[in-house]
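Please read the structure below before turning to the comments.
Computed from the coordinates by the stated procedures, all read-outs in this text should not be read as laboratory data. Note that this is a predicted model, so its numbers are computed, not measured. For neighbour counting, all protein chains shown are included, and Cβ atoms are generated from backbone atoms with ideal geometry for every residue, glycine included.
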Amino acid sequence: MADHQAQQHHPLSVYFWVWGWLFILSIASYMVDILGFESYLKWSLIVTFMLVKAGLIMAVFMHMVWERLSLTAIILTPPAVLLVAVAIFALESDHIASSRIQYFLMG
Amino acid sequence: MTDSITAEPSVKTGMKGMVDDWSSDQRAFKTATWDKSMMWLFLLSDIFIFGIFLVAYMAARMAAVEPWPDTSSVFAMHMFGKDVPLLLIAIMTFILISSSGTMALAVKFGYERNRKVTAILLIVTALLGASFVGMQAFEWTKLIHEGVRPWGNPFGAAQFGATFFMITGFHGTHVTIGVIFLVITAFKVLRGDLEHRRPGFLTGRRGRYDMVEVVGLYWHFVDLVWVFIFAFFYLW
């Protein structure tokens, strides 16, 4: 039964290419720390390198680009909800931090 | 269970294909085996586990009044007469990426029915994973000796310890489980269980090379999670 199904067959060069880029991007994000970049420059670089690395691993190593949209959609859409959680908790903890400063540090 | 993908009429691609796949009484994931679909759904749930951990970390760190410990120096290693920031973490990152590479190759050689190379690559992946766990154990020991506890630490905000042990502990557990499954799969490959489609010990399912890909999905996911931990916890 498995033999009828589309198996993941891709040239070696694709894997080595991704492998190489993962190394380069990891070195790059490590350099952000070594070079002591600060604030928005640091954060945007870290997030960019992180997303590209995650994308490469998911797309090629986990064969997501070669899967049908049904599978890709069901896996990638739900985690978007996490962004809502990030927004809610960012508001909440901002409020907690200002309350703590107001009542415990300045009070 | 018979897979009748060849018997299905015209199979469309893209958006139209997705709507078709979901809108009729049929199998939704046409090209993915049952094992692979289920592994992906498990990984989806795992995404939420680690997602919530990282959100909790964000919330704790934003609400902390004391300054957050400087991870760059907390995780520095004293080498060559000076402190190299994040050295061990960088090595661990490269080890995990390397193991992801060998895993991807193992899947490829598995589908090519190359038993020996597949088994060797799986063992190499497992060894890299085991060394990662070893370094993490070293890291934990070092931090505990320096006085880091879940309820406090000498470097700054008390929430640091709880977040660190929770997130890296859960990730390390995932790596450990992955290593165990990699070793089991390597033995199965080497013994020819997948090639001769012998039923397994635990479930009785017949062996096939898709199993290597499914273990691979789990392993790549562990690497994927580390990418996010490395960015948000260690570099931020």
Between helix A:12-34 and chain A: long-axis angle, C-alpha atoms, 0 to 90°, nearest 10: 10 degrees
Pair A:Ala87, B:Met38: separation of 7 Å Cα→Cβ label points (nm): 3.7 nm
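Averaged across B:82-94, how many Cβ atoms of other chains sit within 10 Å of each residue's Cβ atom?
Values: counts 0, 0, 1, 4, 3, 1, 0, 2, 6, 0, 0, 7, 5.
Per residue, the number of nearby Cβ atoms from other chains is 2 on average.
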Helix-only mean residue ellipticity at 222 nm for chain B, each DSSP H run of n ≥ 4 adding -39500 (n - 2.57), per residue, nearest 500: -22500 deg cm²/dmol
Cβ-based exposure ranking for B:Thr118, B:Thr176, B:Thr168, in which fewest neighbours within 10 Å come first: B:Thr176, B:Thr168, B:Thr118
Ascending count of other beta-carbon atoms within 10 Å, so fewest first, for B:Glu112, B:Glu213: B:Glu112, B:Glu213
Relative intensity, log₁₀ I(q)/I(0), of region B:122-161 from a Debye sum that treats every alpha carbon as a point, q = 0.19, 0.21, 0.24 Å⁻¹: -0.59, -0.65, -0.72
Residue-wise HN-Hα coupling along region A:78-90, computed from phi with Karplus coefficients 6.51, -1.76, 1.60 (Hz; x: Gly, Pro): x, x, 4, 4, 4, 5, 4, 4, 4, 4, 4, 6, 5
Taking B:Leu105, B:Leu88, A:Leu91 and counting other C-beta atoms within 10 Å, the order from fewest to most: A:Leu91, B:Leu88, B:Leu105
Degrees, to the nearest 10: B:34-63 long Cα axis against longest axis of chain B: 20 degrees
Options B:Trp34, B:Ser131, B:Phe164, ranked by Cα towards positive dipole end of the protein assembly as shown, top entry (Cβ charges): B:Trp34
Centre separation in Å (Cα based) which lies between region B:187-236 and region A:71-90: 25 Å
Two-site FRET efficiency, B:His196 against A:Trp17, from Cβ-Cβ distance with R₀ of 35 Å, rounded to 0.05: 0.55
Taking chain A and dividing mean pair separation by its residue count, relative contact order in percent (alpha carbons under 8 Å, at least six apart): 25 percent
FRET efficiency, 1/(1 + (r/R0)^6) with R0 41 Å, evaluated for B:Arg149 and B:Gln26 via beta carbons: 0.15
Rg/Rg_globular for region B:1-121, with Rg_globular taken as 2.2 N^0.38 Å and Rg from C-alpha atoms: 1.70
Sites A:Gln102 and A:Leu69 - FRET efficiency at Förster radius 45 Å, r taken between beta-carbons, to 0.05: 0.35
Gap separating the Cα centres of region A:21-52 and region B:50-68, nearest whole Å: 20 Å
With Cα atoms, 0 to 90° folded angle of helix B:210-229 axis to chain B main axis: 20 degrees
5 Å-binned pair-distance histogram of region A:3-107 (Cα, whole percent): 2, 9, 12, 13, 14, 15, 12, 8, 5, 4, 3, 1, 1, 0, 0
Other protein chain Cβ atoms within 10 Å, averaged over every residue that makes up A:57-64: 6
